[in-house]
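Quick notes on the structure that follows.
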Amino acid sequence: MRKKMSYQEKVTKLATISIKINELHSGYLDTLKKGYSEIERDDFVWHFLLQSFSTMGRSSGWKGLIGNKDNYNQVTFDALCKLDDEKREITVKSVCRNAKIRMPDKKAEFILGCFKLVSNLGGLKKTREKLLSAQGREEKMRFLEQFPGIGPKYARNIMMDVYHEDFRDSIAIDVRVKKISENLGLNFKKYQEHEDFFLEAAREANLNGWELDRLMYNFTDDFLREIEKA
């Protein structure tokens, strides 16, 4: 029978595993950090909204919506601007279905709602400027959470994808991260409590939250195997 661990012992266990996996995949995090340049895109917000919807619920959706340029080019903000309301709705729904993303009609509603909001904010450049001018992590998250379909996880993840300095001590709690929690025997009712646990483990491993998050997301199976060993 496995020994029952205290909360702090679980923090230390995860920290120890994180150090090992980071060493095993040396250099991987440095490669991801180069994504910072993406923040310079005029369509930064729109592109990462689409990317969020493509992976929401199933990461394989990225290939169909973002990786497939025929699909992607039909739902860029500029492409949708050229269509009337009826044609825009038909196009977005068709692309979401063809891309085989999860809940395509629901995601189409999100995209159409985001299109209206970006338009109301003054377009791509104005939307990006308003996001980046928001003070600190919490204000940026509040700005992003006004977009249909974007909650606490993706409000963090959009900025984490470009290694933004305000989000380097953040954890985007998703299905993979929850699997690690469950295998450690942990259950959290509040997002912040869940995030705080992982941030504590990250500090003990001499990592920031972003680094631990990306390790857990990309090497979930490695973490689960190490947890099972003890």
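Here, each number is a calculation from the coordinates, and none is a lab measurement. From a predicted model like this one, the values you see are computed outputs, not experimental measurements. Positions of Cβ are backbone-derived with ideal geometry, glycine not excepted, and every protein chain shown enters the neighbour counts.
With angles folded into 0 to 90 degrees, how steeply does helix 209-218 sit against the dominant principal axis of the chain? Use alpha carbons for both and round to 10. The angle comes out at about 80 degrees. Helix 7-24 and the longest principal axis of the Cα set of the chain meet at an angle near 70°.
Shape of the stretch 146-216 from its Cα gyration tensor (a ≥ b ≥ c, root eigenvalues): rounded if a/c is under 1.5, otherwise prolate when a/b > b/c, or oblate? Note, shape of the stretch 146-216 comes out oblate.
Here r is the Cβ-Cβ distance between residue 133 and residue 153 and R0 is 22 Å; the resulting FRET efficiency, rounded to 0.05, is 0.40. If you take the beta carbon distance between residue 33 and residue 6 as r and set R0 to 41 Å, what does 1/(1 + (r/R0)^6) give as a FRET efficiency, to the nearest 0.05? The computed FRET efficiency comes out at 0.75. Judged by the mean number of other Cβ atoms found within 10 Å, the most tightly packed of the peptides 90-97, 206-213, 124-131, 190-197 leads the ranking 206-213, 90-97, 124-131, 190-197.
Taken about its Cα centre, the chain carries a charge dipole of roughly 640 debye when the Cβ of each Lys and Arg holds +1 and the Cβ of each Asp and Glu holds -1.
Helix 44-55 and the longest principal axis of the Cα set of the chain meet at an angle near 60°. Between residue 82 and residue 188, the modelled label-to-label distance comes to 4.5 nm, taking each label 7 Å out from Cα in the direction of the beta carbon. Put simply, when 98-104, 44-50 are sorted by average Cβ atoms within 10 angstrom per residue, most first, you get 44-50, 98-104. Note on the chain: with a GNM built from Cα contacts shorter than 10 Å, the maximum mean-square fluctuation among 54, 133, 18 falls on 133. For residue 68, no residue whose modelled amide H falls within less than 5 Å of its own remains once neighbours fewer than 5 places apart on the same chain are excluded. Which of the pairs 34/140; 100/125; 107/153; 13/153 have their Cα atoms more than 28 Å apart in this structure? Checking Cα-Cα distances, 100/125 exceed 28 Å. When log10 I(q)/I(0) by the Debye sum over Cα atoms at q = 0.09, 0.15 Å⁻¹ is calculated for this entry, the matching label among (1) -0.54, -1.03; (2) -0.34, -0.99; (3) -0.41, -1.02 is (3). Dividing the summed -39500 (n - 2.57) terms of all DSSP H runs of n ≥ 4 by the residue count of the chain sets its mean residue ellipticity at 222 nm at -19500 deg cm²/dmol.
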